[in-house]
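The values are calculated or read from the model by the stated rules, or taken from the named source; none is laboratory data. Because the structure is predicted, anything quoted here is derived from the model rather than measured. Note that we place each Cβ from the backbone using ideal geometry, even for glycine, and neighbour counts take in every protein chain shown. The area values use the complete protein model at the heavy-atom level, side chains included, leaving out ligands, DNA and RNA. Shrake-Rupley method; radii C 1.70, N 1.55, O 1.52, S 1.80 Å.
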Amino acid sequence: EPEVTQTPSHQVTQMGQEVILRCVPISNHLYFYWYRQILGQKVEFLVSFYNNEISEKSEIFDDQFSVERPDGSNFTLKIRSTKLEDSAMYFCASRPTQQYYGYTFGSGTRLTVV
Amino acid sequence: AQRVTQPEKLLSVFKGAPVELKCNYSYSGSPELFWYVQYSRQRLQLLLRHISRESIKGFTADLNKGETSFHLKKPFAQEEDSAMYYCAPGRVTGFQKLVFGTGTRLLVSP
């Protein structure tokens, strides 16, 4: 069964550093998402991406965050200057069409900012 | 405001017992409803969606629009059902952002 792949599984970074979280969505999927889950809290929507542009973003997704699909297969989330409160599990998800209900999630990247 | 309430953080039952994981939502319009499951150290997986009227692994969920609830049920719990369960409504149109509840940990003991 096709999977959404995320790398790395765990990243530790110093406060103020830039990080790039990588995702390879399922190949025929068209809609892409990033969610995050701070330890002990609920899964929160960050951003959705379609047709090479952001379609919706949450209040969390401020100027420190950016997404891109640089080569047609990877889907990246960049945090420009990490803060301690960015420590969380980041999930990538994709789905094939607008008519298909439900996503396929990746296994997540645990980001620890120290 | 969009909000999902899963009142139980932990639900502990014995194998063979019935389970009901509660979900109440507040969402503008008529959302589609989903349940996602996360087994230990694994990814979030779609368990079931209301539109499909399906039963997966013996779980069913009934949408009650009057009470805005979408409780997940299983008549006889199994040990392998132990996991985190998340209720998530989402828009039917547009880019289908999901709003997740805080989750309920189901622990099924032998």
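Tabulated results
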{"read-out": "Qualifying residue in the range A:43-60 (condition: touching a Pro at 6+ places or on another chain (Cβ under 9 Å) and closer than 24 Å to B:Arg91 by Cα)", "value": "no"}
{"read-out": "Whichever residue in the range B:1-54 is touching a Leu at 6+ places or on another chain (Cβ under 7 Å) and among the β-branched types (Val, Ile, Thr) and, among such residues, is farthest from the other protein chains (Cβ to nearest Cβ)", "value": "B:Val19"}
{"read-out": "Residues of the range B:89-110 classified as assigned to a strand (DSSP E or B), modelled with pLDDT of 90 or more and either open to solvent by 30 Å² or more (accessible area, probe 1.4 Å) or within 8 Å of chain A (Cβ to nearest Cβ) (or both), total", "value": "3"}
{"read-out": "Residues within the range A:38-47 that are assigned to a loop (DSSP other than H, G, I, E, B) and either facing another protein chain (nearest Cβ under 9 Å) or open to solvent by less than 90 Å² (accessible area, probe 1.4 Å) (or both), tallied", "value": "4"}
{"read-out": "B:Leu47 being within 22 Å of A:Lys42 (Cβ to Cβ) and touching a residue at least 40 places away in the same chain (Cβ under 8 Å)", "value": "no"}
